[in-house]
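K.L.:
Input: one structure, supplied below.
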Amino acid sequence: MLNHLEFKQHLKAAVAFHGHLCLGQIIGVRLAMFGLDLVGISDPLGADRKKLIVFVEIGRCAADAIMTVTGSRVGRRSMKIIDYGKLAATFVNLETGVAFRIFSHPDAQKKAFALYPTLPEQEAEMRAYQEMEEHDMFDYLAVRVPIKCEDMPGRPTRKVQCALCGEYVLDARDIDRYGHPFCRPCATGNAYYTIEHPDCAHLPQAVGQ
Ligand SMILES: [Zn+2]
Ligand SMILES: [Zn+2]
């Protein structure tokens, strides 16, 4: 059952953090409250602060709401963005190992429209998602999430210097080539960026694919 008072408080905080009220804030707050409930975390900003890691599968509005409600942060390593472009998140209770993946129910939108058939679609959803039962909005699965020690919160377990570009690489994100650590772009020749003026900059090159 939805605690409406708690929902309103979370929504207010989410909107303040995110910058506007949107469907993502409403759905994100609902999803986060549901997820915390499922994994048995009742005080995420206080006593349970270090017991939770959340994997968020979307890099959009709802991620900010989930951040607000759970207190999880990318920089504290308690939030991981795995951008599948899906309105879903997995909550892992580090103390018990219990984990649930919660995802938007494929019929949620249909149910929202049916609840407010006379309203424009966006408005119907804005209202409906503040009232609907969790089970009409979301579905969930019990899952297992192996978390490597380099992905846990806390101090870095590994810091190495790339043998090619000389930049430091933390958290075991380096790749071994011929017994030397390389950063990912240097090891694969594959970066998300390309260099504008390669003549005047160091250009990472593929090393023994
Ligand atoms: Zn938004
Ligand atoms: Zn490098």
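The values are calculated or read from the model by the stated rules, or taken from the named source; none is laboratory data. Note that the coordinates shown come from a computational prediction; the quantities given were computed from them, not determined experimentally. Positions of Cβ are backbone-derived with ideal geometry, glycine not excepted, and every protein chain shown enters the neighbour counts.
K.L.:
Where the second residue is within 10 Å of ligand 1 (Cβ to nearest atom) and not in a helix (DSSP H, G or I) and the first is closer than 27 Å to ALA142 by Cβ and lies in the range 9-36, which pairs have Cβ atoms under 7 Å and are six or more apart or on separate chains?
P.N.:
Listed pairs, sorted by first residue: GLY24/ARG60.
K.L.:
Could I ask something else about it? Just to be sure I understand, how many residues within the range 140-177 are surrounded by 13 or more Cβ atoms within 10 Å (Cβ to Cβ), touching a residue at least 24 places away in the same chain (Cβ under 8 Å) and among the hydrophobic types (A, V, I, L, M, F, W, C)?
P.N.:
Result for the range 140-177: 8.
K.L.:
In this structure, does MET67 turn out to be touching a Lys or Arg at 6+ places or on another chain (Cβ under 7 Å) and in contact (Cβ under 8 Å) with a residue 40 or more places away in the chain?
P.N.:
Yes.
K.L.:
Among (1) within 28 Å of VAL74 (Cα to Cα); (2) in the same structural domain as MET79 (by TED's automatic domain parsing), which single condition is ALA128 missing?
P.N.:
(1)
K.L.:
State the number of residues belonging to the range 151-192 that are touching a Leu at 6+ places or on another chain (Cβ under 8 Å) and among the charged types (D, E, K, R).
P.N.:
2
K.L.:
If I go through the range 96-120 residue by residue, how many of them are surrounded by 13 or more Cβ atoms within 10 Å (Cβ to Cβ) and of a type outside the set (Ser, Thr, Tyr)? Even if it seems obvious, please write down each step before you answer.
P.N.:
Restricting attention to the range 96-120, the residues satisfying the condition of being surrounded by 13 or more Cβ atoms within 10 Å (Cβ to Cβ) are 98-105, 108-109, 111-113, 115-116, 119.
Remaining after also requiring of a type outside the set (Ser, Thr, Tyr): 98-103, 105, 108-109, 111-113, 115, 119.
Residues meeting the conditions: 14.
K.L.:
Among what's in the range 71-95 and is of a type outside the set (A, V, I, L, M, F, W, C) and crowded, with 18+ Cβ neighbours inside 10 Å, pick the residue that is farthest from LEU23 (Cα to Cα).
P.N.:
Filtering the range 71-95 for residues that are of a type outside the set (A, V, I, L, M, F, W, C) and crowded, with 18+ Cβ neighbours inside 10 Å, the one farthest from LEU23 (Cα to Cα) comes out as ASN93.
K.L.:
In addition: Run LEU87 past the list (1) in contact (Cβ under 8 Å) with a residue 12 or more places away in the chain; (2) under 21 Å from MET132 (Cβ atoms); (3) away from ligand 1 (no atom under 16 Å from the Cβ) and report the number of the one that doesn't hold.
P.N.:
(3)
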